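Chemist: Sending over a structure as structure tokens; questions will come in a sec.
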Amino acid sequence: MRFRVIFYLIITVLLNSCASPKAENFRDFIVSQERVAFDIIAGKNGAEFQKQEYIINGNYSEALKAVEEQKKMFRNITQQIRLYNSDGIEQAGSLKKAALDYYTTLGALYYYDKGLIELQMSHKEPTQIADFYSDMLKKKKKLYEELYRKELLLSKALNRFENANNLR
């Protein structure tokens, strides 16, 4: 009898301490999207790098194309997250939502440059451009602040997910 109780306790502890491979795969997938986003924003010859090169060279039409390409890349990240099957994984829904919110906001932040590029292409008076530019930068700053909040929520959701799925 004593052996049976000890045996069941050991099995119970082992089963509860094992991390779900499905949960690990989901976490790895979510974390890997950060690398994809990094390559878009800071990767050598990434879309952001190309956009900046076009702006520096005064090729605004190509810069606008690069902005649209970035938009597609961020949309692809969110689409992949949305389509990832996370059924049956504890706390996966909140992690997925936090990741979607974060990458949507990140994409919006970098897509905001479209307006700044179009402003540079406009034929407005320099004082008008300065006023518009100042307003646009204030709005972009708010997007950054929103992104910081979303990143914090994503970080917390990832911690809760890891704790719930014994991934620490």
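The values are calculated or read from the model by the stated rules, or taken from the named source; none is laboratory data. Since we're looking at a predicted model, the values are computed, not measured. Please note: Cβ atoms are built from the backbone with ideal geometry, for glycine as well, and neighbour counts cover all protein chains shown. For the accessible areas, the whole protein counts, side chains as well, though only heavy atoms, and no ligand, DNA or RNA atoms are used. Shrake-Rupley method; radii C 1.70, N 1.55, O 1.52, S 1.80 Å.
Chemist: Can you find even one residue in the stretch 22-45 that is assigned to a helix (DSSP H, G or I), closer than 26 Å to ASP135 by Cβ and modelled with pLDDT under 95?
Modeler: Yes.
Chemist: Right, next: Give just the number: which of (1) part of a helix (DSSP H, G or I); (2) open to solvent by less than 80 Å² (accessible area, probe 1.4 Å) does SER86 not satisfy?
Modeler: (1)
Chemist: For the structure I just gave you, tell me whether ILE77 is more than 27 Å from LEU154 (Cα to Cα) and part of a helix (DSSP H, G or I).
Modeler: Judged against the criteria, ILE77 is not a match.
Chemist: Just the residues that are outside any helix (DSSP H, G or I) and modelled with pLDDT under 90, please, taken from the stretch 108-134.
Modeler: Matches in the stretch 108-134: SER122, HIS123, LYS124, GLU125.
Chemist: Restricting to the stretch 46-59, and then to whatever is open to solvent by 60 Å² or more (accessible area, probe 1.4 Å) and part of a helix (DSSP H, G or I), can you tell me which residue is farthest from ASN166 (Cα to Cα)?
Modeler: Within the stretch 46-59, the match that is farthest from ASN166 (Cα to Cα) is ILE56.
Chemist: Go through (1) crowded, with 19+ Cβ neighbours inside 10 Å; (2) free of Cβ contacts under 8 Å to residues at least 60 places away in the same chain for ASN76 and report which single condition fails.
Modeler: (1)
Chemist: Which numbered condition trips up SER94, out of (1) open to solvent by 40 Å² or more (accessible area, probe 1.4 Å); (2) among the small types (Gly, Ala, Ser); (3) free of Cβ contacts under 8 Å to residues at least 60 places away in the same chain?
Modeler: Every listed condition holds for SER94 apart from (3).
Chemist: Exposed (fewer than 15 other Cβ atoms within 10 Å of the Cβ) and under 12 Å from the mean Cα position of the chain (by Cα), is that true of LEU109?
Modeler: Considered against the rule, which asks whether it is exposed (fewer than 15 other Cβ atoms within 10 Å of the Cβ) and under 12 Å from the mean Cα position of the chain (by Cα), LEU109 comes out as no.
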